[in-house]
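Take a look at the structure below.
The values are calculated or read from the model by the stated rules, or taken from the named source; none is laboratory data. Please read these numbers as outputs of a predicted model, since none were measured by experiment. Counting neighbours? That spans all protein chains shown, and the Cβs are built from the backbone with ideal geometry, glycine included. Areas reflect the complete protein model, heavy atoms only, side chains present, ligands, DNA and RNA absent. Shrake-Rupley method; radii C 1.70, N 1.55, O 1.52, S 1.80 Å.
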Amino acid sequence: MSDNEDKITQLEMRVDLLVRTQVDFQQEITAIRREISRLRGASPPVTDASDSMVGDEAPAEKLAGPLPAPVPVPPARERAEAGGIGTRHTPEPTFGYSYAAAGESEKSAFESRVADYTANARADLEKFIGENLISKIGIIILIIGVGIGVKYSIDNELISPLARIIVGYVFGFGLIGLAIKLKPKYHNFSAALISGGMAIMYFVTYFAFSLYGLIPQSSAFALMGMFTVFTVAAAVFYGRQVIAHIGLVGAYAVPFLLSSDSGNYLMLFSYMAVVNSGILAIAFKKDWTPVFYTASGFTWLIFFGWFVSKYSGEHLYLALTFLGIFTVVFFATKLVHVSASGDSIEDEDLAGAVGTALIFYGFAYAIGNNVTAALTDPWVFFAYLSAFSAVFLAVSVRWFGRILVYVAFVATWFTYGVWFSRFYEEARNLPVAVAFAAAYFVMFYGIALADRLIYKRSSAIENAGIILTSSFLFYGFGYAIVDGQPVLQNYLGLFTAAHAGLHLIIAGAVSRVRRDAIDVVKVLTILILTFASIAVPVQFDGNVLTMIWAAEALFLFWMGRRSAIPLFELYSLPMMVLAVTSLSVDWSDAVARLSPESFNMPLANGDLITALVVAAAFVGIYKVGRAFEDSALPA
């Protein structure tokens, strides 16, 4: 109803503006007609229309006979005064306004419009002050007056504490009842009254609990919860965000007003969760972004204050539980707003969702830095982090785009990496480290491929950063875990080659299922070649490594030219650099090992053979390049 009234008011203002514009046009038309009438009075007489037809336009009958004598026609002004034939009188619409006479001076259209706009602005200002500002100022003065009166009665012991509280409740309920009664005729004033009444109810309840101990803490919380529900309902019913803001300020002030330092954080956060559920309920009816930010700001500030001052390891599960509840409520609120708006995503909705995710990961990182107490804590924490990351990824695919994927990717791997570097212990945390490194790799690697292959929203080149980084992070953490096990250190090369084989299998599957996904195959090929190259130095060293890199450079260059895949040819360049660098290192080592015995084998030694292999590889690259250039020349 309130939205309709606002729209009606706006439409009425537009109608008034159009009417004033129409009046200005009519004044100009009237002045032009008067000037035409004046000019007609000075013009020569106008003959009958039939006398003016000559030549081909004249009827044949009239041309055949003698022309009749012209009949004198009085001037236009005389005809107008006599009201005779030829007089055309058009009534001029007045629209309820009177105009100046022909001889009177008239204002210009610009001056008239400026006067109209000035009058309209003055009327709007008077309406705002009279209907809006004055009512709010009056309610604030009323609340302050009630507070002063209550304090005065307390200081001078005029009435008993119970009577004071009863009077306060009666006064608050009276304002609410009056607001409901005045709503049909005085909507804005009624909204201000009900806001003041609810504020009085909050503070009277605080006085009853804190000053006099007339009601217990649980009853005070229950009353405050009821007031919050009523305030939220009234805000939706009236269509006024100010009521919701007053209810939220009062609701979030309750924990501090009613605090007895009991340390009952479960009750505190449960109460806040109930209040925040009201914000989610409002989201189904109203898209009130300021209310969302008010609730979100108060909630996270209170949670942050508790975390930095009271949190310890024993609060792990309490912190995770309510961090998750608050995140779900606020993220779901933005999700409701986005789904209600259709396919379009407003900037404030995207900012709210991304901001909520960032706050969640910030607290999760802080909590993860304290996960050291029990053996099961890392399992619980990283499973919790995995679940929320999976939810963010699933939602981002449908509504919020890749930005949420990037946020979840960076925050998840960063949190895991900090924990691994600070708290990982082989004896205690080996299974959890392996399990969640693999889980995060599969999660982000899979979502990047699915975004291209299933949803077709982007190319693999756009998601190459996530694909490549996930693979290298998984390999890096895995390498550290395997290298930390003495019995597995001899299998690091096999472990690296297994990564190349994994990407090779995925690339083969992609090429069979989606033949048009060439970009995906190219990105996976980079991973295959990279891990295949890394496997060599991991397992071997010295001359063997140099020869393998040289042979790989030749193979990649040949494959790139033969298959017309520039990616292979481009990737052969760093292999050439690696081969030359490794050969230089081998020569340096050979010079350091020089001895009289080394001259006994001037030809059959590994250093010379390695140099020959590298040289042959570069000759082969040159020959391949020339051969394909010659074949491409026109005949």
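In whole Hz, with x marking every Gly and Pro, tabulate ³J(HN,Hα) for the stretch 292-306 from phi via Karplus 6.51 cos²θ - 1.76 cosθ + 1.60, θ = phi - 60°.
For the stretch 292-306, the Karplus curve yields 4, 5, 5, 5, 5, x, 4, 4, 6, 5, 5, 5, 5, x, 5 Hz.
If you add up the charges near Glu569, with Lys and Arg at +1 and Asp and Glu at -1, over every other residue whose beta carbon is less than 12 angstrom from its beta carbon, what do you get?
So the environment of Glu569 carries a net charge of +2.
Net charge near Val336: determine it from the other residues with C-beta under 14 Å of the C-beta of Val336, scoring Lys and Arg +1 and Asp and Glu -1.
Values: positive: Lys285, Lys286, Lys334, Arg398; negative: Asp287, Glu346, Glu348, Asp349.
Neighbour charge sum, excluding Val336 itself: 0.
For Thr415, what accessible area in Å² do you get when you roll a 1.4 Å probe over the heavy atoms of the protein chains, rounding to the nearest 10?
10
Considering only protein heavy atoms and a 1.4 Å probe, what is the carbon-and-sulfur percentage of the accessible area of the stretch 269-350?
Reported share for carbon and sulfur atoms: 64 percent.
If we count every other residue with Cβ under 9 angstrom of Ala191's Cβ, Lys/Arg +1 and Asp/Glu -1, where does the sum land? Display every interim value, and only then the final one.
Numbers: positive: Lys183, Arg240; negative: none.
After counting each charged neighbour, the total is +2.
Can you flag which of Lys7/Lys183; Lys7/Lys286; Lys7/Lys285; Lys183/Lys334; Lys285/Lys334; Lys7/Lys185 are past 20 Å Cα-Cα?
Flagged as over cut-off: Lys183/Lys334.
Could you give me the ³J(HN,Hα) list for the stretch 575-586, computed from phi with Karplus coefficients 6.51, -1.76, 1.60 and θ = phi - 60°, whole Hz, x at Gly and Pro?
Running phi through 6.51 cos²θ - 1.76 cosθ + 1.60 with θ = phi - 60° gives 5, 5, 4, 4, 5, 5, 4, 5, 5, 5, 5, 4 Hz.
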